[in-house]
Each structure stands twice: as structure tokens, then as C-alpha cells.
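Reviewing the structure listed below.
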Amino acid sequence: MISIRTATTLIVIVSLANLLWMKITGEKRTAPKNASDDQLLTPVLETSHSFIQPVSNLEYLGASNHVTLGRSKGFHLDEHGQNATVGLVTAFSSNHLIESINLFKNLVDKNFTGPIVVYLMRRNDEESSPTDQEMDIVHKLLQVDALNMIVYEHVEPEEYLTYCFKTRVVQRFLSLYQEKLSSFVWADTSGKIRNGNNLEENANRLLQQQVHLSATLRGAVLLKNTHPLTFQYLGVDRFKYNRTDEYSASHFWVNLEERLGLDQVIKPWIDCGVNHCTECMAPPGSKKWPEKHELKPEDYPYEKHRQDQSVLSIFIADFVANSSKSHFKRGFGMECSRNKGDSKQLEYQLEYLDTMLQAQSESEATKIEN
């Protein structure tokens, strides 16, 4: 008869053997298969973060949940076989209308011809649909021939200040367009293409160089700008990042052909915000601008929490540290140009749209006459 001590020893030996086998064979977690979305559910590569699970929440991702508010006449990415080098995805709401128009004006000025996917935001506790003013702006933007654009409605279940909406929007975007693009750019409405840059040419260059991910440094220390509970949830020592700069989440570029950046940074970031919003991305007590009395001495040197940006920066920092130098590049030709403005500026922007459409109409009339 085997003694309890002997049985325990055998169990430990078997467990160690299994762990050794996984180490040797390199077995990784696998995600559940779904016929409608196999590619989005490719396994998340192993990282040092213990919480990460394959991207899920398929019910939320279903194409039937994409309510289309409108599309420009040239938008073609719903047709198979017409891939684009780079697409741009963004979200805007009623409190960022001026910035939104500025973004689209900038895309026109910089001759961006790639597909633009826009999610018009509203909360799930709001009974009303997008406002008349929002829909008027959408209607005008969709008439601009230079914008290859589609607009969806995005109903957000979390508070906007958690910033988890950004991960949900990117997840929904990937569920439809991951296989139809070579790369994509996330751009906040404050995003702006720098002077002398062509976003499509820059994306082509990054693809040729086999860069997997590109983002911009902010110059802020990640340790100071991330709540301790986020580090704790991710299972990492926060003081490991005491000399690590934060990366901007306002704009970043992702290679969809060479997918290490997608699998090791973007998908875990999505999982953090979509499936673990109030534990991982916006844990209890975390604020973007906390009062001094809300800061605990034991949390020093923590000063504020940047939600989506904090989490993205942790994953990017680890990606940069653990992958080939050629897989990441700082900056790809965009910058942040925050400008909320006032009602007068909004009137000016709307007049600009009207003027653009009028000039477009006159140009088309001239072509017909000739």
C-alpha cells in the first residue's frame, strides 16, 4: 500500500514533469473557436502577466451589433478582396465634436485616402439616439468625397471616465476589418498627422521594415502615472517601471500581417479593458486627476492614473524589452493636438464643412459641363 507521503511525492513529480513538458514543447493557451471570428481569437502569446486570457466576449462583438449610421459612397471594405494598406479607427461623442471635425479636416488636408471607421459614442443608459447635431455632422462628413468613411453607433456599458470604451471600439473594429487591412491606426479625435508626413507612405515603410508596432513616447514616468492596483492585477512589480516612460494611447499603429504586436500588446490590452475594466484598467480609487488627500503614502510615487494609456504602456514596455529591436518603432507621423474649443469654433468648423461641400459640388458641376 502506498503511503500518503509517497502519494504526495508522486503527485509533485507528475506535476513537475508536466510543467517541464510544457516548457520544452512550448505549448500555449488556445482560444475557443468560433466560425464567425477565428482570426480574432488566435491564441494570445504567453507573457509575464498572469491574468491574460484569450480575447472573448463574442456576443458583444457580433456583426449584428454593428448599427451602421452611414457610409461614404466610396467605402469599399465590406467587399471582399479589396484590402487597404492602413485603416484608421476613431470614436467621437458630443463633447468632442470640434476635435472630431479637426481630425477629419486634417485627414483631408494630408490626402489620407485609406478607410476611416468611426464609432459614434453613447452610453447604454441613454435612451436617446445620437443628437440631431451629431447626425448632421456625420451626414456632412459622409458627403466629403475625400473621406473614405463608415460610421457605426457604439453603445458603451461602462462610464466614459474608465476609458474602457477605447478597447471595446478597437475590439469591434478588429472583428470586422482585421482580415481586410494590412495595418491600422487608432487615433483619438485629438490626433493629427504631422506636417511633411503621409500616413499611408509611413505605413508602407513600416510594413516593408517588418515593424510590428509603433507608438509615441510621452515623456512621463509610467510608475507615477499608473495606479498600484493595476500593476497588482497584472501580477508585475510596479517598481520595475520606475525609469520607464509612458507611451501615448492617443494614437498608435499596428501591423496586422506580422502579428506579434497585435497578440502581445493589443489583445491583452483589449482583454484588460473589455473583460476586466474595473479591476484592471480602472481599478477602485484610480483617477486621472486625484486630490492630494486621496493619495496614500504607501502608494508613493503614484500621482495619477491614465487608464487605457497606463495599461497600453505596460504591455508596450514589456514588448520592447522582450522582442527584437526591429519589431517596434517610436513614432509614425502623428501627434496629439488637443483643442476642445467653444461654441463659436464649432460654428466655424460647421461653416468649413459647408464650404468644402459647396466647393465639391461646384467642381462636380464644372466637370459635367465640360
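Considering amide H positions built from the backbone, and no H for Pro or chain starts, which residues 5 or more places from residue 188, or on another chain, come under 5 Å of its amide H? Excluding prolines and chain starts, which carry no amide H, the hits are 251.
Coupling constants for the range 260-267 follow from the phi torsions by the Karplus curve (6.51 cos²θ - 1.76 cosθ + 1.60, θ = phi - 60°), and in residue order they are 5, x, 5, 6, 9, 10, 6, 5 Hz; glycine and proline get x.
Rounded to 0.05, the FRET efficiency of the residue 217 and residue 370 pair, given R0 = 45 Å and the Cβ-Cβ distance, is 0.35. Sequence-distant contacts, meaning Cα pairs under 8 Å at least 6 residues apart, place the relative contact order of the range 84-217 at 40 percent.
Using a cut-off of 26 Å between Cα atoms, the listed pairs 105/288; 105/344; 292/344; 140/344 include 105/288; 292/344 as exceeding that distance. Which whole-number percent gives the relative contact order of the range 61-350, counting Cα pairs below 8 Å spaced six or more residues apart? Once normalised by length, the contact order is 24 percent.
Applying 1/(1 + (r/R0)^6) with R0 = 30 Å to the Cβ-Cβ distance of residue 335 and residue 362, what FRET efficiency is obtained, to the nearest 0.05? Before the final figure, lay out each step's value.
Details: r = 33 Å, r/R0 = 1.11.
Computed FRET efficiency for residue 335 and residue 362 comes out at 0.35.
Put a dot 7 Å past the Cα of residue 133, heading toward its Cβ, do the same for residue 279, and the two dots end up 4.0 nm apart. Residues whose amide H falls under 5 Å from that of residue 87, counting only those 5 or more places apart or on a different chain, are 183, 184, 185, with hydrogens built in the peptide plane.
Bear in mind that the values in this text are calculations on the coordinates, not laboratory data. Please read these numbers as outputs of a predicted model, since none were measured by experiment. A quick note on method: Cβ atoms are made from the backbone with ideal geometry, for glycine too, and the neighbour counts reach across all protein chains shown.
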